[in-house]
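Asks: Supplied in structure tokens, the structure appears directly below.
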Amino acid sequence: MKNTNTTKAKDFVKLSEEWFDNQAKVYDKTDTILYSKYGKISCKDICDYLSDKKYDSLLDVGCGTAYLIDLLAKTHNAKHIGLDLSAEMIRQSSDKNIPNSQFVVGRSDDLPFGDETFDVVTCSQSFHHYPDTDKAMQEVLRVLKPGGIYILSDTGVGFFKMVGVAVDNFIYRHFSKTGDCNVSYLNKTIRDLKRNGFEIEKGENITTFIYTVVAKKK
Ligand SMILES: C[S@@+](CC[C@H](N)C(=O)[O-])C[C@H]1O[C@@H](n2cnc3c(N)ncnc32)[C@H](O)[C@@H]1O
């Protein structure tokens, strides 16, 4: 029998890949909602949280053009790795020649790294593109060292909660070409992280439609 979940997942991943391959060259300089506006807000929030934290190795899943790693590398003497589905986004990242950084094409649900590799994993404005969010969380848990931190900042439906999720995930995603397929909100993401084995350090709505959660591997 045909596995419809796999078919669905393939389609959204392909849409995201095409969408961001096409955006890559203008992503940084186009400061609107469909481009880098929300990413810049999330990246700044993640940087603020990490400003007084020491770490040796950080993985940014869905790194895009390395906006976050570029900022972090200025203040943290650590190894920074960026992973993204889009080869064109990775090309933009690599072309920035950020010291002590490395960029790889890959998928959030199949991270090409060994168990317990990173002190910190970040994910800025990428999570709502993942068809299998449980697998993405489990992969982060696997590659984090014990005590490691996962910082997830994403677009959510704010106070619309379940109604917003239903509209976004069951209506919008069927005609959108952006690859969006899993919009959520703060409390739901916190529940999902706990169910997948994380402890929650902090979670807040940083704007009406953007939230950040800091979670920890026990
Ligand atoms: C809105 S951009 C955000 C980029 C960057 N993190 C930022 O905040 O500016 C979303 C990024 O997630 C990547 N992405 C989408 N689905 C992915 C997946 N399944 N695995 C890895 N990366 C993915 C896209 O290619 C894109 O570069």
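Asks: Given the pairs 74/96; 14/74; 177/217; 54/135; 29/202; 44/202, which span a C-alpha to C-alpha distance of over 24 angstrom in this model?
Replies: Values: 74/96 13 Å; 14/74 33 Å; 177/217 34 Å; 54/135 28 Å; 29/202 31 Å; 44/202 16 Å.
The pairs that break the limit, which is 24 Å between Cα atoms, are 14/74; 177/217; 54/135; 29/202.
Asks: What's the exposure ranking of 80, 174, going from fewest to most Cβ atoms within 10 Å?
Replies: Numbers: 80 25, 174 8.
Ascending number of Cβ neighbours within 10 Å: 174, 80.
Asks: What is the set of long-range amide H partners of residue 210 at a cut-off below 5 Å, with H atoms built 1.01 Å from backbone N?
Replies: For residue 210, whose amide H was placed from the backbone, the distant partners under 5 Å are 156.
Asks: Sorted from fewest to most neighbouring beta carbons within 10 Å, what does the list 60, 132, 21 look like? Don't skip to the end; give the middle numbers.
Replies: On the way: 60 29, 132 21, 21 15.
By the 10 Å Cβ count, ascending: 21, 132, 60.
Asks: Can I ask one more? Out of residues 5 or more away from residue 121 or on other chains, whose amide H comes under 5 Å of its own, with H placed 1.01 Å from N in the peptide plane?
Replies: Distant-sequence amide H within range of residue 121: 59, 149, 150, 151.
Asks: Rounded to whole Hz and in sequence order, give me ³J(HN,Hα) for segment 58-66 from the Karplus expression 6.51 cos²θ - 1.76 cosθ + 1.60, θ = phi - 60°, writing x for Gly and Pro.
Replies: Running phi through 6.51 cos²θ - 1.76 cosθ + 1.60 with θ = phi - 60° gives 9, 10, 10, 8, x, 5, x, 8, 6 Hz.
Asks: Now, a different point. Where does the charge balance sit around residue 146 when Lys and Arg score +1, Asp and Glu -1, over other residues with C-beta under 11 Å from its C-beta?
Replies: Values: positive: 145, 216, 217, 218; negative: 115, 116, 119.
Around residue 146, the charge tally is +1.
Asks: Let me ask something else. If you consider only alpha-carbon coordinates, what radius of gyration and Dmax does the chain have, in Å?
Replies: 16.1, 53
Asks: Right, another one. Whole-Hz ³J(HN,Hα) for each residue in segment 98-109, computed from phi via Karplus 6.51 cos²θ - 1.76 cosθ + 1.60 with θ = phi - 60°, x for glycine and proline: what do you get?
Replies: Going residue by residue, I get 6, x, 6, 10, 8, 10, 10, 7, x, 10, 4, 9 Hz, with x marking Gly and Pro.
Asks: Would you please name the GluC sites (Glu not before Pro) within segment 146-218 that are DSSP coil residues with at most 11 other C-beta atoms within 10 Å of their C-beta? Display every interim value, and only then the final one.
Replies: Details: sites: 199, 201, 204; in loops: none.
Passing sites in segment 146-218 do not exist.
Asks: As a test, work out the antiparallel percent of DSSP beta bridges whose residues both lie in the chain, rounded to the nearest 5.
Replies: Looking only at bridges with both residues in the chain, the antiparallel portion is about 45 percent.
Asks: Let me ask you something else. Report, by chain and number, residues whose modeled amide H sits under 5 Å from the one on residue 82, excluding near sequence neighbours (fewer than 5 apart, same chain).
Replies: Answer set, sorted by chain and number: 60, 102, 103, 104.
Asks: Using a 10 Å cut-off around each Cβ, can you sort 50, 68 from fewest to most neighbouring Cβ atoms?
Replies: On the way: 50 22, 68 29.
Going from least to most buried by this count: 50, 68.
Just so you know, all these numbers are worked out from the coordinates, no wet-lab data involved. Since we're looking at a predicted model, the values are computed, not measured. Backbone-built Cβ (ideal geometry, glycine too); neighbour counts: all protein chains shown.
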